[in-house]
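What follows is calculated from the coordinates using simple rules that are stated; it is not laboratory data. All of these numbers come straight from a predicted model, not from anything done at the bench. No Cβ is skipped: glycine too gets one built from the backbone with ideal geometry, and neighbour counts run over all protein chains shown.
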Amino acid sequence: SQVEKQGFRHFMLKEIHEQPEVMRACLGAYFNGQWLEKATQNQETQNQETQNQEIQNQETQNPLSPVQLRFSDDLYSDLQQVQIVACGTSWHASLVGKYLLEQVAGIPTTVHYASEFRYAPTPLMPHTLTIGVTQSGETADTLAALEMEQERRNHHQGSPQGGDYRPRLLGITNRPESTLAHVLPNVILTPAGVEVGVAATKTFMAQLMAFYALALDLAHHRHHLPSDRLLALVSALHQLPKQMEALLRDQEEPIATLAHEFVDTHDFIFLGRGINFPIALEGALKLKEISYIHAEGYPAGEMKHGPIALLDAKVPVVAIAVPGAVYEKVLSNAQEAKARDARIIGVSTIGREADMFDDLLAVPPVDELVSPLLTVIPLQLLSYYIAALRGLDVDQPRNLAKSVTVE
Ligand code: G6P
């Protein structure tokens with residue numbers, strides 16, 4: 001009803017706007033404010049300390065833990081790999097999770113479609129954490145994949161080489177009353193509140209935050225991250241609610257205007273690299289789901305191996321380019337697309353290089369490693385406004401269900 005939408009035309013738009021609050025809820029639930037305060041103070045007073053002593057110093061001076069997930073050692077000890085099963089948007093969040101678990105915590109991680117994993121699981125490896133990610137906590141394929149994993153590990157007789165094969169299962173869900181939350185002993189609840197729009201927005205944001213918390217917690221436990229980097233990342237996350245509010249305030253109108261240009265477009269390409277590659281996938285999925293426009297997300301460096309053949313003036317390319325490890329690379333991939341007459345829409349910070357884009361969806365300056373939490377928002381808005389202009393039922397797209405409880 002109109003009352004529930006609080007003046008927004010659709011639930012999806014309302015839920016996009018709830019994201020700064022969801023971020024605040026995640027920060028409060030997952031991170032330890034006292035640790036942040038102490039670590040910031042320590043950094044200010046000990047700027048002269050030598051780098052290599054820093055990790056130990058920081059730990060004795062700040063015995064608190066940055067993250068408050070409170071999992072037992074049983075779950076974390078001697079981890080050799082993480083495997084994640086999920087579907088749809090949750091699968092995209094899991095890909096960002098993989099990037100974080102590998103690059104921040106140093107743990108090899110694989111991400112599987114639950115519907116594939118359940119019939120062709122990876123050969124059993126010891127010391128494995130299995131994570132099931134499902135917003136609803138009811139997706140049949142995800143629940144079945146987790147059950148299969150638990151069973152095969154319980155029945156495993158051990159290998160000649162030994163090793164710990166017991167099931168260590170962790171769920172990430174937005175619904176505390178769901179099947180997933182009931183059947184798994186370890187759960188990260190995402191505090192996004194009920195999401196009505198079929199296309200996931202705020203729950204995706206909260207899933208990403210769950211992965212930041214998990215990866216930083218593991219990095220802290222394993223002493224994998226220098227303390228100044230840990231502090232920088234946790235601080236950057238705490239800046240996000242304000243940055244999101246600024247982004248929503250400054251970008252919504254320009255994006256709503258830009259959307260008019262694409263009402264009759266048939267195909268879109270979304271490009272990203274590194275930690276923003278999954279965001280390219282998510283941008284393409286959002287557009288497909290609610291506007292019924294064909295879209296593909298690609299890692300930008302892979303464009304030359306196929307999708308570049310599609311490009312011409314009728315196929316707009318959305319390029320996510322945030323200063324960091326792959327910035328120059330994405331920009332040069334975008335140049336290649338531009339040379340094929342494609343219209344280039346950049347999701348980027350304002351800077352000299354931004355001139356190369358035909359349209360700029362600006363995000364505030366941000367550490368590349370936390371940037372997905374910002375870059376996804378312009379893509380959500382773009383999909384929303386294109387679909388709304390096409391007069392479509394944004395909250396209830398054809399053929400889709402909020403949760404798929406059958407195989
Ligand atoms: C459905 C929804 C998607 C969602 C997917 C996985 O297909 O339409 O928006 O991403 O299920 O849902 P889950 O609840 O497992 O995250």
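Some values worked out for this structure:
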read-out: Options Gly301, Gly351, Pro323, ranked by Cα towards positive dipole end of segment 292-386, top entry (Cβ charges); value: Gly301
read-out: Rough spin-label spacing in nm, given labels placed 7 Å along Cα→Cβ, for Leu124 and Asp393; value: 4.7 nm
read-out: Length released on extending from Thr110 to Ala354, taking residue separation times 0.36 nm less the Cα-Cα span; value: 84.4 nm
read-out: Contact order relative to length of segment 164-212, as percent, for alpha carbon pairs under 8 angstrom and 6 or more apart; value: 32 percent
read-out: Total charge dipole magnitude, the chain, about the Cα centre, Cβ charges on Lys, Arg, Asp, Glu only, Debye to nearest 20; value: 360 debye
read-out: Cα-based helix-to-principal-axis angle, 19-30 vs the chain, degrees rounded to 10; value: 0 degrees
read-out: DSSP beta bridges in the chain [antiparallel fraction, %, rounded to 5]; value: 5 percent
read-out: Using alpha-carbon coordinates, inclination of helix 277-291 to the longest axis of the chain, degrees; value: 50 degrees
read-out: Burial order of peptide ranges 197-210, 238-251 (average beta-carbon count within 10 Å, highest first); value: 197-210, 238-251
read-out: Spacing of the two label points (7 Å from each Cα toward its C-beta) at Asn154 and Phe8, in nm; value: 4.1 nm
read-out: Tilt relative to the chain, helix 372-389 - C-alpha long axis, 0 to 90 degrees, to 10; value: 40 degrees
read-out: Residue order, fewest to most beta carbons within 10 Å, for Thr142, Thr109, Thr122; value: Thr122, Thr109, Thr142
read-out: Residues Tyr384, Tyr113, sorted so that the one with the fewest Cβ neighbours within 10 Å comes first; value: Tyr113, Tyr384
read-out: Spin-label model distance (nm) - Glu102 vs Asp267, 7 Å beyond Cα toward Cβ; value: 2.8 nm
read-out: Order by protection proxy (mean Cβ within 10 Å, highest first), peptides 19-25, 270-276, 305-311; value: 270-276, 19-25, 305-311
read-out: Relative contact order %, the chain, counting alpha carbon pairs below 8 Å whose residues are six or more apart; value: 18 percent
read-out: Packing-based exposure ordering (other Cβ within 10 Å, fewest first) of Ser332, Ser136, Ser383; value: Ser332, Ser136, Ser383
read-out: Dipole of the chain [Lys/Arg +1, Asp/Glu -1 at C-beta], most positive-end residue of Leu271, Ala313, Phe11; value: Phe11
read-out: Computed FRET value (nearest 0.05) for Leu75 with Arg249, which takes r as the C-beta separation and R₀ as 41 Å; value: 0.55
